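So the structure is just underneath, and the comments pick up after that.
The values are calculated or read from the model by the stated rules, or taken from the named source; none is laboratory data. On a predicted model such as this, the values are computed, not experimentally measured, just so you know. Neighbour counts are summed over all protein chains in view; Cβ atoms, including those assigned to glycine, are modelled from backbone coordinates with ideal geometry. The protein model used for the area step is the full one, side chains on, heavy atoms only, and it has no ligands, DNA or RNA in it. Shrake-Rupley method; radii C 1.70, N 1.55, O 1.52, S 1.80 Å.
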Amino acid sequence: KYSSSELPIIFLTAKNQLSDLVMGFDAGANDFLTKPVSKEELLVRVKTHLELLQINRELDQRVKSKTEDLRIEHEKLKATQGELLKSRNMASLGTLVGGIAHEINNPNNFTSASIYNLEVRLAKLSDYIHALAGDDLEEDIADELNQRFSNLLGILSTMRDGTGRIRDIVD
């Protein structure tokens, strides 16, 4: 049931042939003393085996402790590896998001600039039409022109709000 390192066994025997020793070791013996046995020799051998047993137990405990330390370190390394993987993924995601933001921002900036230019040109067109007509422009036609320009400027204002929202989302 127990190994020879856990439970030392010393045979006291009158048999001292090599075949007898081999049979005894095969049966689990740690040591042999042949009769007649000296009390001092028996006590020294028992003491030695008890010391060896204690050393074995201490070594087993150290191995268990080191094994547990290694298991803990392994778990820490696995956790660190997981964190590094998350960091790498987040960095990749940041690069991707930055690239997408850039690709969205460029056309959005062009659109914003175009809206501004259209507003300026509509204002100049309105002034030009009013200058051409002069004081001869009938009031209902002037109201109709003003309404149409106002509608166009309203559409451009909605577009400006939309591009502003896109800019805010990208930022």
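Selection within region 9-34: residues that are of a type in the set (Gly, Ala, Ser) and in contact with a strand residue (DSSP E or B) (Cβ under 6 Å, 6 or more places away or on another chain). The member of this set that is farthest from residue 50 (Cα to Cα) is 24. Looking across 108, 117, one residue alone is open to solvent by less than 50 Å² (accessible area, probe 1.4 Å), closer than 30 Å to residue 149 by Cβ and modelled with pLDDT of 90 or more. It is 108.
Annotation note: of 89, 117, the sole residue that is under 30 Å from residue 156 (Cβ atoms) and in a helix (DSSP H, G or I) is 117. Among residues of region 59-85 that are part of a helix (DSSP H, G or I), none has a Cβ under 9 angstrom from a residue that is modelled with pLDDT of 95 or more and exposed (fewer than 10 other Cβ atoms within 10 Å of the Cβ) at a sequence gap of 6+ or on a separate chain. With respect to the conditions (1) farther than 30 Å from residue 169 by Cα; (2) under 39 Å from the mean Cα position of the chain (by Cα), residue 93 lacks only one, and its number is (1). Note on region 42-64: residues that are under 15 Å from residue 7 (Cα atoms) and either among the β-branched types (Val, Ile, Thr) or touching a helix residue (DSSP H, G or I) at 6+ places or on another chain (Cβ under 7 Å) (or both) total 3.
Of the residues making up region 120-158, those that are surrounded by 13 or more Cβ atoms within 10 Å (Cβ to Cβ) and not in a helix (DSSP H, G or I) number 1.
Beta carbons closer than 6 Å, at least 6 apart along the sequence or on distinct chains, pair a first residue in region 15-36 that is surrounded by 15 or more Cβ atoms within 10 Å (Cβ to Cβ) with a second that is at pLDDT below 85 and not in a strand (DSSP E or B) for 30/4.
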